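Asker: Here it is: the structure, laid out below.
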Amino acid sequence: MNGARWLAQALVAEGIDTLFGYPGGAIMPFYDALHDAPGLKHVLVRHEQGAAFAANGYARASGRVGVCVATSGPGASNLVTGIADAMLDSVPMVVITGQVPTSLMGTDAFQELDVFGMTMPMVKHSFIARRVDDLPRIVGEAFRIARSGRPGPVLVDLPKDVQLADAAHLSMHAPLAVDAPEAPMDASLHEALALISQADRPVIYGGGGIALGDALPAFRTFVDATQIPTVLTLKGLGALPAKHPLNLGMLGMHGSRAANLAVQECDVLIVVGARFDDRATGKLAEFAPNARVVHMDIDACELGKLRHADAAVRGDIITTLTKLTLPCAAQLHGRHGTARRSWRAHCQERARTHAARYDAPGDGVFAPAMLKRLSEIAPDAIVSCDVGQHQMWVAQHWQLDDPRKHLTSGALGAMGFGLPAAIGAQLALDKSRNPDARVVCVSGDGSFLMNVQELATLRRYGLPVKIVLLDNQALGMVRQWQELFFERRYSEIDLSDNPDFVAVAQAFGIEALHVERAADMDGALQALLDARGPALLHVAIDTATNVWPLVPPNRNNAEMLDPQLDAVSAPHPLQEKTRALSA
């Protein structure tokens with residue numbers, strides 16, 4: 001029993017059944033230990049960034065801790081983007097890296113890198129095990145910290161000599177209890193109730209903290225009981241089903257007109273597990289200008305960080321919502337009841353009036369229509385996105401009913417996330433023995449090539465991930481901004497020399513097909529879903545297609561650009577410019 005074998009057994013004791021990694025010199029003792037670790041499935045990715053993103057996707061889809069492993073030096077540094085993504089999106093992960101022996105640390109030894117120092121700003125905590133006797137404390141604390149409170153990644157750096165050291169004297173690992181979330185203070189609940197009870201035009205603004213806090217039933221009960229119009233962030237999508245009558249859609253830069261205008265006009269904004277991200281708020285100084293704010297969050301650092309909270313409620317979101325539901329619902333029949341019913345009807349009518357349109361002209365595939373259709377014929381699927389225009393189209397048009405079915409790199413916006421995250425999610429679903437487990441990866445031609453090597457991982461493990469590759473032969477979102485805000489001075493966005501993606505997938509042994517006509521879309525989507533193993537659908541779309549609506553930089557969320565709709569808010573020069581460009 002050496003340190004590496006003790007660690008493998010400790011992972012099993014922590015409930016870990018799957019980990020993602022890539023071996024190398026400094027982590028080799030741990031990989032040797034995997035031979036004698038029944039109950040641990042190691043997934044060999046083809047790049048360490050793929051390991052971090054796969055563990056990330058596994059954690060997002062399952063709610064459990066994701067684990068990734070790499071060797072020292074370049075192995076560890078290749079994990080960094082995935083670690084940062086987990087930190088910024090509050091994903092529970094334990095990251096295990098090999099390190100040179102303790103006697104060589106600080107000597108610039110082969111593949112030595114201070115991963116402890118370089119990741120310090122992007123983890124909840126870091127550990128270096130300098131003695132084998134440190135392992136029980138470190139492993140227990142790593143998993144406790146990753147799971148507790150606002151989740152996040154924890155790094156465990158393991159020198160090679162610690163892995164090889166005798167651990168026969170160490171007791172069997174016992175997981176530490178997760179810190180119980182703090183209950184909100186009664187005074188803060190009274191302040192929140194007082195504000196909500198005075199509102200004529202309330203809006204609920206729900207974020208990623210709802211799913212992270214396992215508060216989905218409590219949140220939906222609160223919305224249904226209070227009948228308050230609701231908007232959601234990118235990471236909050238699915239907290240209310242897409243077709244829920246009170247769901248006005250996503251707010252922010254590419255949010256719906258109904259959601260953005262409701263927030264701008266509300267008098268009380270009830271923020272549940274959201275953090276006033278700049279992509280959600282637009283010009284912060286003009287965000288919800290007439291609203292008093294009730295802010296509920298488990299992380300005290302978020303309360304008042306970007307917007308003053310008139311009622312700041314720190315603590316467990318389930319407890320907070322549960323204690324507020326009945327008192328707030330009672331206000332429906334109070335003196336503000338008539339005003340609230342009128343406000344609700346106004347918001348819902350605007351959502352109907354400005355609903356997304358899918359009647360694009362021409363014979364080509366219109367991506368929003370295709371994604372909406374795919375979500376309808378695969379309603380139970382988890383969708384994993386890369387970053388760019390396709391990411392926003394998924395957010396706008398996929399009919400989501402659960403936040404854990406939507407895997408997207410939110411705060412970091414990391415291209416290359418989609419495919420490895422889908423691999424992690426598929427393995428998480430398989431572990432739950434869900435017979436209807438299905439994962440769809442929606443990617444763009446720019447993002448896809450960043451981790452295309454993970455097609456080999458799909459093939460090796462026979463994972464039935466379905467890939468929809470939207471190919472506009474450009475870095476679409478950058479091209480759109482250069483069109484609108486940089487006078488069409490297109491710079492380094494041309495991807496017209498893309499490879500034959502169907503041939504690429506087939507070279508990896510993956511079934512692939514191509515579609516470019518709207519008339520063939522339904523048949524191609526059904527063929528994709530019917531494929532028995534992994535499959536790719538290459539979709540050619542128009543390079544000039546843009547994502548609408550769009551809130552321009554340094555504008556408030558009422559100043560949306562959308563050539564398809566008449567201006568609702570006061571016009572500004574960019575509105576006419578955009579119409580001219582699109583014409």
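The values are calculated or read from the model by the stated rules, or taken from the named source; none is laboratory data. Keep in mind that this is a model prediction, so the values were computed, not measured. For neighbour counting, all protein chains shown are included, and Cβ atoms are generated from backbone atoms with ideal geometry for every residue, glycine included.
Asker: Only one of these is touching a Gly at 6+ places or on another chain (Cβ under 9 Å) and under 21 Å from Ala61 (Cα atoms): Gln399, Gln391. Name it.
Answerer: Numbers: Gln399 fails: touching a Gly at 6+ places or on another chain (Cβ under 9 Å).
Testing whether each residue is touching a Gly at 6+ places or on another chain (Cβ under 9 Å) and under 21 Å from Ala61 (Cα atoms) leaves just Gln391.
Asker: Also, I was wondering about something else. Cβ-Cβ below 6 Å, separation at least six or inter-chain, first residue in the stretch 459-488 and under 30 Å from Pro552 (Cα atoms) and outside the structural domain of Asp522 (by TED's automatic domain parsing), second part of a loop (DSSP other than H, G, I, E, B) and among the hydroxyl-bearing types (Ser, Thr, Tyr): which pairs?
Answerer: none
Asker: Only one of (1) touching a helix residue (DSSP H, G or I) at 6+ places or on another chain (Cβ under 8 Å); (2) of a type outside the set (D, E, K, R); (3) farther than 28 Å from Ala259 by Cα; (4) assigned to a loop (DSSP other than H, G, I, E, B) is not met by Ala558, so which one is it?
Answerer: (3)
Asker: Might you let me know whether the stretch 22-35 holds any residue that is within 23 Å of the chain's Cα centre (by Cα) and part of a helix (DSSP H, G or I)?
Answerer: Initial filter on the stretch 22-35 (within 23 Å of the chain's Cα centre (by Cα)): none.
No, because not a single residue in the stretch 22-35 is within 23 Å of the chain's Cα centre (by Cα) and part of a helix (DSSP H, G or I).
Asker: Can you tell me which residue in the stretch 143-192 is surrounded by the fewest Cβ atoms within 10 Å (Cβ to Cβ), limited to those that are under 28 Å from Gly75 (Cα atoms) and of a type in the set (Val, Ile, Thr)?
Answerer: Taking the stretch 143-192 first, the residues under 28 Å from Gly75 (Cα atoms) are 143-148, 150-167, 173, 175.
Still in the list and also of a type in the set (Val, Ile, Thr): 145, 154, 156, 162.
Values: Ile145: 22, Val154: 27, Val156: 24, Val162: 26.
Ranking the qualifying residues of the stretch 143-192, first place goes to Ile145.
Asker: Same structure, new question: What's the number of the only condition in (1) farther than 27 Å from Glu265 by Cβ; (2) buried (at least 20 other Cβ atoms within 10 Å of the Cβ) that Asp359 fails to meet?
Answerer: All conditions pass for Asp359, except number (2).
Asker: Restricting to the stretch 504-537, name every residue that is basic (Lys, Arg) and either at pLDDT 95 or above or touching a Phe, Trp or Tyr at 6+ places or on another chain (Cβ under 8 Å) (or both).
Answerer: Kept after step one, since they are basic (Lys, Arg), are these residues of the stretch 504-537: 517, 532.
Once the filter is applied, which keeps residues that are basic (Lys, Arg) and either at pLDDT 95 or above or touching a Phe, Trp or Tyr at 6+ places or on another chain (Cβ under 8 Å) (or both), the stretch 504-537 yields only Arg517.
Asker: Here's a check for you: in the stretch 287-299, which residue that is of a type in the set (A, V, I, L, M, F, W, C) and within 19 Å of Lys323 (Cα to Cα) is surrounded by the fewest Cβ atoms within 10 Å (Cβ to Cβ)? Explain how you work it out, then say what you get.
Answerer: Taking the stretch 287-299 and keeping what is of a type in the set (A, V, I, L, M, F, W, C), we get 287-288, 291, 293-294, 296, 298.
Subset that is within 19 Å of Lys323 (Cα to Cα): 293-294, 296, 298.
Working: Val293: 20, Val294: 28, Met296: 33, Ile298: 24.
Here the residue is Val293.
Asker: Among the residues of the stretch 378-400 satisfying the criterion of being among the polar types (S, T, N, Q) and touching a Leu at 6+ places or on another chain (Cβ under 9 Å), which is surrounded by the fewest Cβ atoms within 10 Å (Cβ to Cβ)?
Answerer: Taking the stretch 378-400 first, the residues among the polar types (S, T, N, Q) are 384, 389, 391, 396, 399.
Within this subset, residues satisfying the condition of being touching a Leu at 6+ places or on another chain (Cβ under 9 Å) are 384, 389, 391, 396.
On the way: Ser384: 32, Gln389: 24, Gln391: 26, Gln396: 20.
Among residues in the stretch 378-400 that are among the polar types (S, T, N, Q) and touching a Leu at 6+ places or on another chain (Cβ under 9 Å), the one surrounded by the fewest Cβ atoms within 10 Å (Cβ to Cβ) is Gln396.
Asker: For the stretch 490-499, which positions are out of contact with any Asp or Glu (no Cβ under 6 Å at 6 or more places or on another chain) and within 16 Å of Leu470 (Cβ to Cβ)?
Answerer: Pass one, the stretch 490-499, residues out of contact with any Asp or Glu (no Cβ under 6 Å at 6 or more places or on another chain): 490-494, 496-497, 499.
Result: Ile493, Ser496, Pro499.
Asker: Residue under question is Ala339, and the condition is that it be in a loop (DSSP other than H, G, I, E, B) and modelled with pLDDT under 95; does it hold? Before the answer, list the steps.
Answerer: On the way: in a loop (DSSP other than H, G, I, E, B): no; modelled with pLDDT under 95: yes.
Considered against the rule, which asks whether it is in a loop (DSSP other than H, G, I, E, B) and modelled with pLDDT under 95, Ala339 comes out as no.
Asker: In the stretch 26-35, is there at least one residue being within 17 Å of Gly424 (Cα to Cα) and in contact with a helix residue (DSSP H, G or I) (Cβ under 7 Å, 6 or more places away or on another chain)?
Answerer: Here is the first cut: in the stretch 26-35, the residues within 17 Å of Gly424 (Cα to Cα) are none.
No.
Asker: Ok, one more. Residue by residue through the stretch 303-331, note down the ones that are in contact with a Phe, Trp or Tyr (Cβ under 6 Å, 6 or more places away or on another chain) and either more than 13 Å from Phe219 (Cα to Cα) or at pLDDT below 95 (or both). Spell out the reasoning first.
Answerer: To start, the set of residues in the stretch 303-331 that are in contact with a Phe, Trp or Tyr (Cβ under 6 Å, 6 or more places away or on another chain) comprises 306-307, 321, 325.
Correct list: Leu306, Arg307.
Asker: Let me ask something else. When the residues of the stretch 500-516 are filtered to those that are more than 27 Å from the chain's Cα centre (by Cα) and touching a residue at least 40 places away in the same chain (Cβ under 8 Å), which remaining residue is nearest to His538 (Cα to Cα)?
Answerer: For the stretch 500-516, the residue satisfying everything is Val515.
Asker: In the stretch 107-142, what residues are touching a strand residue (DSSP E or B) at 6+ places or on another chain (Cβ under 6 Å) and farther than 15 Å from Ser77 by Cα?
Answerer: Lys124, His125, Phe127, Ile128, Ala129, Ile138, Ala142
Asker: Just checking, how many residues over the stretch 12-28 are within 22 Å of Leu113 (Cα to Cα) and either surrounded by 21 or more Cβ atoms within 10 Å (Cβ to Cβ) or of a type in the set (Lys, Arg) (or both)?
Answerer: Filtering the stretch 12-28 for residues within 22 Å of Leu113 (Cα to Cα) gives 20-28.
Checking the rest, the ones that are also either surrounded by 21 or more Cβ atoms within 10 Å (Cβ to Cβ) or of a type in the set (Lys, Arg) (or both) come to 20-22, 26-27.
Selection size over the stretch 12-28: 5.
Asker: Ok, one more. I'd like to check something: does the stretch 274-282 contain any residue that is in contact with a helix residue (DSSP H, G or I) (Cβ under 6 Å, 6 or more places away or on another chain), of a type outside the set (Ser, Thr, Tyr) and part of a loop (DSSP other than H, G, I, E, B)? Show your work before the answer.
Answerer: Taking the stretch 274-282 as the starting set, the residues that turn out to be in contact with a helix residue (DSSP H, G or I) (Cβ under 6 Å, 6 or more places away or on another chain) are 275.
Keeping just the survivors that are of a type outside the set (Ser, Thr, Tyr) gives 275.
Those left that are additionally part of a loop (DSSP other than H, G, I, E, B): 275.
Checked the stretch 274-282: at least one residue is in contact with a helix residue (DSSP H, G or I) (Cβ under 6 Å, 6 or more places away or on another chain), of a type outside the set (Ser, Thr, Tyr) and part of a loop (DSSP other than H, G, I, E, B).
Asker: Give just the number: which of (1) closer than 19 Å to Lys405 by Cα; (2) touching a residue at least 60 places away in the same chain (Cβ under 8 Å); (3) in a loop (DSSP other than H, G, I, E, B) does Gly252 not satisfy?
Answerer: (1)
Asker: Quick test for you: out of Ala54, Ala61, Ala76, pick the one residue that is assigned to a helix (DSSP H, G or I) and under 24 Å from Pro159 (Cβ atoms).
Answerer: Ala76
Asker: Right, Glu487: in contact with a helix residue (DSSP H, G or I) (Cβ under 8 Å, 6 or more places away or on another chain) and over 13 Å from Val387 (Cα atoms) or not?
Answerer: Against the criterion (in contact with a helix residue (DSSP H, G or I) (Cβ under 8 Å, 6 or more places away or on another chain) and over 13 Å from Val387 (Cα atoms)), Glu487 does not qualify.
Asker: Then there's this: Please work out which one of (1) under 19 Å from His125 (Cα atoms); (2) surrounded by fewer than 24 Cβ atoms within 10 Å (Cβ to Cβ); (3) touching a His at 6+ places or on another chain (Cβ under 9 Å) is the condition Leu34 fails and give its number.
Answerer: The single condition Leu34 does not satisfy is (1).
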